Amino acid sequence: MDFNKDLTPGKTKKDKIMTSRENVRQNIRDYFKENHSEYEPFFKIQGSSHQLINTVILYKDDTCDLDDGVYFFREPDVTAKTLQGWVKKAVENVKTKTTPEHRRRCIRVKYKNDYHIDLPVYYKLKKDDDSEHPELADKEDGFSPSDPKEFADWFHKQKDEDRQLVRVVKYLKAWGDNIRNKMPSGLAMTLLACNGIQANERDDIALKKTLRNIKANLKNSWELKMPTCPGDDLFAGYDDDKKDYIISQLDSFIEDASLAIDEPNELEASKLWAKHLGQRFPEGKDEDTSEKEKALREKASILGGTTPYVNSKGRVTDDPKSGKKIPDTKNYGS
């Protein structure tokens, strides 16, 4: 079972998104060249799709998203809302089945039942000056500092060599997507994971322990500040009902995660995980994994000090090209 792989957009969808991204970018370039030539747009992928973060997931309806920042390296002589409106006008001819949305902090181009591209709009006075934070356009509050690159760099420093943090973030996002109602945003899930991660050779145990740490952290404080510009609190404005709801969901998930890890039957364990991570979670086999692992370990002892692998026929070997390592420590409930 590889839930992480199931959560990751496949090559076909990724290729379609990249084609759409280039089409959207070209529409924006052409529009500004023709209508506002004093404003030259530049672009940078950001958010969970950023290569340093790479925590984008497929949602349960098989859609996903891409954040592509639109940057202007000059001080605007129009309002934030107007500048966003120009970007919206630029993408109105992009071939989709829906009209672009003017959201508070981005323009959204939606490819119905497939994916959407969010276009946050920024200005910055100097293109190559990292000491200056970009100013994000908000149609209600105007421009304010926000630095997605700074956050991507920060997250990159948090990652472990095995990328377990990245996987745990994706599992938490899948949990939030499965429940949706009143759950934290993907960015909030990312910070919760960073603040609560507890590594383990098995992802299931790491996830359970991280969930426990998240709950303990929230019991201590409901402040979740961005570690980079603008340093805002992602939980500001959460009322008691929302806080209680999140804690109740955490309690339920922690309880079932503990049961799943101790459950010897792979099928029953997978059902417990699916309650919280969604029906995309792979269904396990109706067999006792503890007995299976015990048998594999007994076979592995024959090979002495070598690294044991098992092939698809259950035969133990010391050849890493013919099978997978014993045990498969990333399997849930194994």
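The values are calculated or read from the model by the stated rules, or taken from the named source; none is laboratory data. Note that the structure is predicted; figures quoted are calculated from it, not measured. Cβ sites come from the backbone with ideal geometry, for glycine too, and all protein chains shown count toward neighbours. For accessibility, only protein heavy atoms count, side chains too; no ligands or nucleic acids. Shrake-Rupley method; radii C 1.70, N 1.55, O 1.52, S 1.80 Å.
At-a-glance table
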{"read-out": "Per residue Cα convex hull volume in Å³ - calculated over the stretch 174-229", "value": "94"}
{"read-out": "Segment Glu287-Asp318, extension gain: residue separation times 0.36 nm, minus the distance between their alpha carbons", "value": "8.6 nm"}
{"read-out": "Volume per residue of the C-alpha convex hull in the stretch 88-203, rounded to whole Å³", "value": "171"}
{"read-out": "Entries of Lys170/Lys215; Lys16/Lys95; Lys60/Lys89 with Cα pairs more than 20 Å apart", "value": "Lys60/Lys89"}
{"read-out": "Tail weight of P(r) past 22 Å, computed on alpha-carbon pairs of the stretch 1-140, percent", "value": "39"}
{"read-out": "Per-residue HN-Hα couplings for the stretch 201-208 [Karplus 6.51, -1.76, 1.60; θ = phi - 60°; Hz; x = Gly/Pro]", "value": "5, 10, 5, 5, 5, 4, 5, 4"}
{"read-out": "Between the stretch 200-216 and the stretch 28-54, the alpha-carbon center distance in angstrom", "value": "38"}
{"read-out": "Residue-wise HN-Hα coupling along the stretch 23-40, computed from phi with Karplus coefficients 6.51, -1.76, 1.60 (Hz; x: Gly, Pro)", "value": "5, 4, 4, 5, 4, 5, 4, 5, 5, 5, 4, 7, 10, 9, 5, 6, 10, 9"}
{"read-out": "Partners for Lys14 among lysines (Cα-Cα distance below 16 Å; same-chain residues under 8 apart left out)", "value": "Lys5, Lys110, Lys112"}
{"read-out": "Per residue, in Å², the accessible surface of the chain once ligands and nucleic acids are set aside, probe 1.4 Å", "value": "52"}
{"read-out": "Simple spin-label estimate for Val78 and Asn93 in nanometres, 7 Å along Cα-Cβ", "value": "1.7"}
{"read-out": "Apportionment of accessible area to carbon and sulfur, the chain, percent (1.4 Å)", "value": "44"}
{"read-out": "Nearest-0.05 FRET efficiency for Arg180 and Lys33, computed from C-beta distance (R0 56 Å)", "value": "0.85"}
{"read-out": "Ranked packing of 125-137, 166-178, most packed first, by mean Cβ within 10 Å", "value": "166-178, 125-137"}
{"read-out": "The chain: antiparallel DSSP beta bridges as a percent of all, rounded to 5", "value": "80"}
{"read-out": "For the chain, alpha-carbon Rg relative to the globular expectation (2.2 N^0.38 Å, N residues)", "value": "1.15"}
{"read-out": "Long-range HN-HN contacts of Lys225 with modeled amide H, under 5 Å", "value": "Leu234"}
{"read-out": "Theoretical ellipticity at 222 nm over the chain - DSSP helices of four or more residues, -39500 (n - 2.57) apiece, nearest 500", "value": "-14000 deg cm²/dmol"}
{"read-out": "Separation of the Ser221 and Asp62 label points, Cα + 7 Å toward Cβ, nm", "value": "4.4"}
